[in-house]
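In what follows, a single structure is set out as structure tokens and then discussed.
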Amino acid sequence: MKQYKVGLVGIGAVGTEMIKVLRQRKFPASEIRVLATRDRDEVIAGETFHVRATTPEAFEGLDIVLFAGTEGAKGASKMWGQVAIDKGAIVIDNGDDFRMKDDVPLVVPEINADDMERMVRAGSRFIANPNCSTIITLMGIAALHRANPLRHMTAVTFQSVSGAGRAAIDELEAQTRQVAAGEPTAPKAFAHQIVANVIPQIGGPKQEMPGFTTEEAKLTFESRKILGAPHLRIACTCVRVPVFYAHSIAVHATFERPFTVEEVRDIIAKAPGVELVDDLAAAVYPMPKDFGGKDNVGIGRIRLDPSEENGIALWCSGDNIRKGAALNAVQIAEELVRRGLV
């Protein structure tokens with residue numbers, strides 16, 4: 001099998017997980033070259049890497065470059081993405097700087113890999129990883145949309161702190177101990193205490209959508225682009241919850257034609273990358289504690305929505321660092337290889 005030289009820019013929570021996923025899935029990499037702000041040796045996912053300072057020369061000879069920035073982090077791919085492309089690589093970017101550009105495919109491989117292939121063959125060398133909550137929300141919805149066109153979707157997200165990076169994880173750990181001991185907390189990563197609380201704001205105000213946040217805008221606009229439904233009606237509220245890993249989303253969706261619950265379950269059960277976990281009577285449904293660390297997205301609580309014609313309600317949980325970021329990026333790289341695009 002042909003081997004590829006893979007670059008990785010950034011070694012935070014997502015970058016570390018990308019290395020784990022590359023190794024676990026036995027990606028055909030003759031080299032994993034890790035780039036960051038300065039030269040040093042670093043143990044990443046149990047393996048010692050010589051981390052190189054990010055310079056134009058550091059991209060020489062690479063076939064694929066993964067940019068592993070935490071959601072909302074700005075700058076790395078804007079500064080170095082075109083440099084990597086000019087050196088001959090295809091870029092897969094976890095950040096949000098380029099997702100909505102018309103010439104950049106926004107890809108969930110199980111959903112729209114064909115769109116990616118078409119755009120790469122037409123000359124695109126930059127591929128964007130969607131927002132974590134977008135990926136997890138769409139894994140089940142897209143399969144239903146293919147069978148019966150989606151007309152409207154309302155989503156409420158319950159997003160774990162790991163989506164905000166290492167400092168947020170540390171803050172939840174520290175505040176858990178402080179609250180248990182009856183000590184005061186001093187929020188830094190979030191505007192408010194996160195333990196024993198939920199925060200109904202992720203991101204800042206979105207000027208083009210008064211009253212909504214930037215995270216809610218991402219879920220709205222990215223879903224439309226990925227599903228190829230530019231006029232799809234979407235409303236969402238994004239909430240941070242005191243969970244370490246895995247986002248959950250409550251979805252109410254309406255479709256062009258009626259679904260039965262049995263039809264929805266059958267489609268979900270057959271869809272790639274998802275797991276049907278749906279037995280309310282037995283208290284069986286997807287939960288973050290069960291889907292943190294897993295590749296698949298769990299879908300359950302499937303029922304008819306009596307408030308809407310042709311309405312379906314469901315609940316999903318998925319690991320935001322794996323499928324919501326690192327795994328999805330590596331799957332994109334695998335599709336590039338499988339389709340002969342790199």
Completion exercise
Computed curve, segment 186-295, Cα-only Debye sum without solvent term, log₁₀ I(q)/I(0) at 0.10, 0.16, 0.21 Å⁻¹, is -0.42, -1.04, -1.36
Exercise for the section: Report the equivalent ellipsoid semi-axes for segment 1-63 in whole Å, largest first, defined as the square roots of five times the eigenvalues of the gyration tensor built from alpha carbon atoms. Expected result: 18, 16, 9
Exercise for the section: Run the quick spin-label model on Ser307 and Arg121: label points 7 Å from Cα toward the beta carbon, then report their separation in nm to one decimal. Expected result: 4.4 nm
Handout entry: Proportion of all alpha-carbon pairs of segment 118-222 beyond 23 Å (%)
Key = 47 percent
Fill in the blank from the handout: Share of accessible surface on carbon and sulfur in segment 1-158, whole %, 1.4 Å probe and ligands ignored, is 50 percent
Handout entry: Per-peptide average of other Cβ atoms within 10 Å, ordering 189-199, 246-256 highest first
Key = 246-256, 189-199
Handout entry: For q = 0.12 Å⁻¹, Debye-computed log10 I/I(0) when each Cα of the chain counts as one equal scatterer
Key = -0.86
Handout entry: Spherically averaged projected area in nm², based on the convex hull that wraps the Cα atoms of segment 285-342
Key = 5.7 nm²
Problem - Whole-Hz ³J(HN,Hα) from phi, Karplus 6.51 cos²θ - 1.76 cosθ + 1.60, for segment 184-192, glycine and proline x - result: x, 10, 10, x, 10, 5, 10, 6, 9
Completion exercise
Rounded to the nearest 5, the percent of DSSP beta bridges in the chain running antiparallel is 50 percent
Exercise for the section: Evaluate the distance, in nm, between pseudo-label points positioned 7 Å from the Cα of Lys188 and of Glu47 along their respective Cα→Cβ axes. Expected result: 3.2 nm
Problem - Kirkwood estimate for segment 96-140, i.e. one over the average of 1/r between Cα atoms, Å - result: 10.8 Å
Practice task
Select from Asn131, Ser307, Ala174 the residue farthest towards the positive end of the dipole of the chain; place +1 on Cβ of Lys and Arg, -1 on Cβ of Asp and Glu, and compute about the Cα centre.
Solution key: Asn131
Exercise for the section: With an 8 Å cut-off on Cα pairs and a minimum separation of 6 or more residues, tell me the relative contact order of segment 163-261 in percent. Expected result: 25 percent
Completion exercise
Under the rule rounded for a/c under 1.5, else prolate if a/b exceeds b/c, else oblate, using alpha carbon gyration tensor axes a ≥ b ≥ c, segment 51-182 is classed as oblate
Practice task
Keeping all protein chains in place, calculate the accessible area per residue for segment 185-342 (probe 1.4 angstrom), answer in Å².
Solution key: 45 Å²
Exercise for the section: Anything over 21 Å Cα to Cα? Flag those among Lys78/Lys323; Lys5/Lys26; Lys20/Lys323; Lys20/Lys87; Lys101/Lys206, in the order listed. Expected result: Lys78/Lys323; Lys20/Lys87
Problem - Alpha carbon Rg of segment 27-115, scaled by the compact-globule rule 2.2 N^0.38 Å - result: 1.15
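The values are calculated or read from the model by the stated rules, or taken from the named source; none is laboratory data. Fair warning: this is a prediction, and the values are worked out from it, not measured in the lab. Every residue, glycine as well, gets a Cβ built from its backbone with ideal geometry; the counts of neighbours run over all protein chains shown. SASA here: full protein model, heavy atoms, side chains in, ligands and nucleic acids out. Shrake-Rupley method; radii C 1.70, N 1.55, O 1.52, S 1.80 Å.
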